[in-house]
């Protein structure tokens, strides 16, 4: 039986890259989606053609609902059982606000999706494996793991996207805390990518410039982030570790989010 990964937000953008990466390594994939059924189905068809020995299932869930998060986990293990070896918490809610205009409602919405859903999935995974170990110790062959997708903003603070950043800061701190809490049953690690895709109403021209505001002065390849997720999932000695996959973007401090600063920065260079 192939190992299985559950990728939240797995139908689009980085989630899609992660799903394809794990499938290319012979893992079965559960693709979680919320509003992207058509894209999820297209990805499922694509992977069936590329990787005939890999099974893909699609599961819908609203990650702001604790019950739907729990159902997502148990619907995954209904088909995978102990083959579920990794959960990649990629889905996130990303809404603009500031410290002057944020609302509790918007902040809580982002905390539920970006922090509490990953914590709940980790709790479910640890409980499931602990119960399996008690019932039949020989079933559990290797330590399952969780990989959280962070944001380079947590290592390079600026005040834009205030509530989103708060939720990702909490998730970054939770990497170590959850690794301690779920040990020795589950490993917990994270990747912290930089700018990879158009954000909000960002123009393509702005993105092309902003994606190169890093030490290596080149765009970040989402496939590298996906490969880093697989590395963390498949390296059994790693827990409590975060890999910054951002071409050094976290070492280029900016007063505002890079998409807002880029025109000014390039004007100064010119």
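The values are calculated or read from the model by the stated rules, or taken from the named source; none is laboratory data. All values reported here derive from a predicted model rather than from experimental measurement. So basically every Cβ, Gly included, is an ideal-geometry build from the backbone, and we count neighbours across all protein chains shown.
Being closer than 16 Å to residue 4 by Cβ, exposed (fewer than 15 other Cβ atoms within 10 Å of the Cβ) and in contact (Cβ under 8 Å) with a residue 40 or more places away in the chain narrows it down to one residue among 99, 53, 15, 26; which is it? Answer to the selection: 53. Residues considered: 6, 37. Of these, the only one that is surrounded by fewer than 16 Cβ atoms within 10 Å (Cβ to Cβ), within 26 Å of residue 115 (Cβ to Cβ) and in contact with a strand residue (DSSP E or B) (Cβ under 8 Å, 6 or more places away or on another chain) is 37.
Restricted to helices (runs of 4 or more DSSP H) entirely inside segment 62-168, those with at least 1 residues that are farther than 23 Å from residue 241 by Cα and under 17 Å from the mean Cα position of the chain (by Cα) are 66-80, 104-111.
With respect to residue 62, determine if the residue is surrounded by fewer than 16 Cβ atoms within 10 Å (Cβ to Cβ), at pLDDT 95 or above and touching a helix residue (DSSP H, G or I) at 6+ places or on another chain (Cβ under 6 Å). Considered against the rule, which asks whether it is surrounded by fewer than 16 Cβ atoms within 10 Å (Cβ to Cβ), at pLDDT 95 or above and touching a helix residue (DSSP H, G or I) at 6+ places or on another chain (Cβ under 6 Å), residue 62 comes out as yes.
Kindly indicate whether residue 204 is over 19 Å from the mean Cα position of the chain (by Cα) and modelled with pLDDT of 95 or more. So residue 204 does not fit the description; no. Kindly indicate whether residue 180 is assigned to a loop (DSSP other than H, G, I, E, B) and more than 18 Å from the chain's Cα centre (by Cα). No, not satisfied. Counting the residues of segment 217-227 that are in a loop (DSSP other than H, G, I, E, B) and surrounded by 19 or more Cβ atoms within 10 Å (Cβ to Cβ) gives 1. Criterion first (buried (at least 17 other Cβ atoms within 10 Å of the Cβ) and modelled with pLDDT under 95) does residue 114 satisfy it? Against the criterion (buried (at least 17 other Cβ atoms within 10 Å of the Cβ) and modelled with pLDDT under 95), residue 114 does not qualify. Of all residues in segment 1-28, those that are under 11 Å from the mean Cα position of the chain (by Cα) and not in a helix (DSSP H, G or I) total 5.
With the structure loaded, tell me whether residue 165 is within 21 Å of residue 86 (Cα to Cα), modelled with pLDDT of 95 or more and out of contact with any strand residue (DSSP E or B) (no Cβ under 8 Å at 6 or more places or on another chain) or whether it fails that test. In short, no. Tell me, yes or no, whether segment 229-237 has at least one residue that is touching a strand residue (DSSP E or B) at 6+ places or on another chain (Cβ under 8 Å) and surrounded by fewer than 19 Cβ atoms within 10 Å (Cβ to Cβ). Yes, the conditions are met somewhere in segment 229-237. Return the residues of segment 185-201 that are at pLDDT 95 or above and either surrounded by fewer than 21 Cβ atoms within 10 Å (Cβ to Cβ) or at positive phi (or both); say none if nothing qualifies. Matches in segment 185-201: 185 only. Please determine whether any residue of segment 68-86 is over 22 Å from residue 185 (Cβ atoms), modelled with pLDDT of 95 or more and surrounded by 20 or more Cβ atoms within 10 Å (Cβ to Cβ). No, segment 68-86 has no match at all. The residue that is surrounded by the most Cβ atoms within 10 Å (Cβ to Cβ), among those in segment 207-216 that are touching a residue at least 24 places away in the same chain (Cβ under 8 Å) and either out of contact with any helix residue (DSSP H, G or I) (no Cβ under 6 Å at 6 or more places or on another chain) or within 13 Å of residue 245 (Cα to Cα) (or both), is 214.
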